[in-house]
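Can you read through this structure? Questions will come right after.
We did not get these values from a lab; they are worked out from the coordinates using the rules stated. All values reported here derive from a predicted model rather than from experimental measurement. Cβ coordinates were reconstructed from backbone atoms using ideal geometry, including for glycine residues, and neighbour counts include every protein chain displayed.
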Amino acid sequence: MTPVFLILFGIALLFGLWYIVTSNRLIAKRNRVKQCRSGICVALKQRNDMIPNLVAAVKTYMGHENDTLTQITALRTQAAQASSESEQIQAGNQLSTLLPRLQLGLENYPELKANQNFLHLQEAIEEMELQLQAIRRTYNAAVVDYNNAIEMFPSSWVAARQGHTPEALIEIPEQEQAPVDVAQLFKS
């Protein structure tokens with residue numbers, strides 16, 4: 001064997017190993033994005049399972065806030081019947097904008113706020129909202145990591161050959177970006 005052949009063989013071997021390592025790294029990053037997206041759907045499902053209990057507890061005390069309760073129930077149903085993960089996440093984001101309105105409206109009902117079952121349920125939903133925020137941040141971090149890997153050279157070359165496509169970040173709905181007018185929430 002000639003030295004030129006050995007050098008070319010060594011270069012081809014190194015290139016092949018690099019390609020395999022890069023390919024596996026991209027697959028792991030894509031799977032991490034899928035895992036995070038699934039985590040969001042699981043948290044949304046868990047929150048949606050708690051909401052009927054909250055609505056039932058609140059309905060006993062709140063008559064004139066029926067519009068908010070109806071919207072929450074409708075969005076929960078929409079999220080449960082979503083045909084794709086992105087639709088479920090979108091319905092979950094819309095639901096997140098209504099829950100603070102419900103919590104602020106409860107300030108007028110001290111007997112409800114003192115009810116142990118309601119307090120436990122309220123705390124559980126607040127904890128779920130915090131978990132959901134953390135999962136969304138984790139998802140966005142995984143998406144940025146994956147998108148960087150498939151868009152930056154030289155791994156972009158491998159990504160293009162294997163059909164990797166960029167994933168979308170979870171955007172905050174415009175309603176959640178606007179400042180909350182608390183006085184408006186108390187007007188009936």
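Determine, from the Cβ-Cβ distance of residue 50 and residue 20 and an R0 of 45 Å, the FRET efficiency 1/(1 + (r/R0)^6), rounded to the nearest 0.05.
Efficiency for this residue pair is about 0.50.
So how much slack lies between residue 38 and residue 87, counting 0.36 nm per residue of separation and subtracting their Cα-Cα distance, in nm?
Contour length minus Cα-Cα distance gives 16.4 nm.
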